[in-house]
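The values are calculated or read from the model by the stated rules, or taken from the named source; none is laboratory data. Computed from a prediction, not measured in an experiment: that's the story for all the values here. Quick note on the areas: whole protein, heavy atoms, side chains included, nothing else; ligands and nucleic acids left out. Shrake-Rupley method; radii C 1.70, N 1.55, O 1.52, S 1.80 Å.
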Amino acid sequence: MESYDFSNDVLLEIFSRADLKTMKKCRVLSKECKDLTYESTFMGLHSQRTSTMVGYLLQCMKIFVYDWRDRFTSNFVSIANSGIEPKLTRNVLNFLPEQAQIVAAVNEGLVLCSPRIYGENWFYICKPSTQKWEFIPAPNPRFCRSKISMLVLRSNPLRFKIVGLSDTDCSDDTHSVSVSESDSESDLDSEYSDEEVNDRVVSNEKLWHCEIFDSKSWEWKQSDDLKLTYDDFFKNEQGVSACGGIHWLISNREQDKDIVLSFDGNKEEWTMASLPNSLRRKEYFEQIALVSCEGNLGLVKVSFKTRAQMVDVWVLNYEHIWIRKHTMNLNKECYLTRFHSFYSADTLLMKDIWSVYFYNFKTQKFNRVTADNQDTDAAYFIQTDFESVQLKPE
């Protein structure tokens, strides 16, 4: 069987005309194929030729509003379909029955939203490119979830999971809920006695309730509690979805070190991993963040020097070893911004209070988009098509 050595130009022409699912499958052919499909030039060309949607959902907060339910708006920004200048599309979640706030999103284009109705605890799952949505029932109302993240396990047929973490020290007992006798007994069994709570405090053990929603069964279930310590705190509110799991960066105040906490979506198990040795020594002026980097779990360290930022990028390989991928100096225009995520292999998304910025560190081009005096509260990367998808199994 003959083998063919295609140039990057030929591969660019072939892959940029493939549909999104086929293009993603081509990434496993070789490292060269994978690297090509993550370049910003390719992503823009592919988006134009296949009418895919690639960019960021910006959740913005209006500063002056009379009705708090109208406080959040969701806009979409992209540099793929408009050449160099970013293009902003406003109010992309207006198709939902009521105003909603984004609580999680995944690259595949699925968005989890919470209605802006006081006391309500349920969600919408939607695909904004098709404006299709489904109602997700409320999890246990006694728990006050402070961390909610989502991951897609497979796309055909679609299966996704939502993970909610609740601080056991802040259980929500303010909801009055009608329950049967058996339900009441079950709830009482799940409570911790004062003696158990005191023992945990003495031992410095802190528990987080874990609830998992599986789209296959379309219901929530309570998993085993996550065991951390009172010295551990989450450095990122949103978990990073990568490599079949959800990942958080945890900092331990007592030991003055960071670790990666990971949830395996298939096994539904928790693991912890250390950072590279060179990142264990903390500097005062620095930012460390977990990211999705070309399909892998990545780690970014930003050091703030005099009117400059130095960025180190690490990637966790398949042998679970951290490999340094990039070291770059950002230009002076980036000084007052904060790193957010990778848009592509060569372009970063930076953020300040009022704006987001696309910064290509190879060309050093810097593009800014504002949201009309609205605070850019969060940004979620999505790359999705316009094909209808069955969100809820029949």
*Between rounded, prolate and oblate, where does region 344-394 land on the alpha carbon gyration tensor, with a ≥ b ≥ c its root eigenvalues, rounded for a/c under 1.5, else prolate if a/b exceeds b/c?*
oblate
*Tell me, what HN-Hα J-couplings in whole Hz come from the Karplus equation 6.51 cos²θ - 1.76 cosθ + 1.60 at θ = phi - 60° for each residue of region 387-394, using x for Gly and Pro?*
7, 5, 10, 7, 5, 10, x, 7
_Going through the cross-link list Lys25/Lys235; Lys221/Lys257; Lys34/Lys161; Lys351/Lys392; Lys21/Lys257; Lys21/Lys132, which pairs have a Cα-Cα distance over 30 Å in this structure?_
Lys25/Lys235; Lys221/Lys257; Lys351/Lys392; Lys21/Lys257
*Would you mind calculating the gained length between Glu134 and Glu268 on full extension (0.36 nm times residue separation, minus the Cα-Cα distance), in nm to one decimal?*
45.8 nm
*Pull up all non-local amide H partners of Val356: gap of 5 or more, or a different chain, and H-to-H distance under 5 Å with H placed in the peptide plane.*
Val369
*For region 92-107, Karplus couplings with θ = phi - 60° (6.51, -1.76, 1.60), whole Hz, Gly/Pro x*: 7, 9, 5, 6, 6, x, 8, 4, 9, 10, 6, 10, 6, 7, 10, 4
_Full-extension gain in nm, Gln222 to Ile321, via 0.36 nm per residue minus C-alpha separation_ = 32.4 nm
*On the protein heavy atoms, probe 1.4 angstrom, tell me the percent of accessible surface of region 1-53 carried by carbon and sulfur.*
55 percent
*Table column - 3J(HN,Hα) (Hz), region 129-140, Karplus curve with 6.51, -1.76, 1.60, x for Gly and Pro*: 5, 10, 6, 9, 8, 9, 8, 10, x, 6, x, 4
_For Ser341, residues with placed amide H under 5 Å, excluding near neighbours_ = Leu349
*Measure off, as a whole percent, the carbon and sulfur share of the 1.4 Å-probe accessible area of region 197-266, all protein chains present.*
45 percent
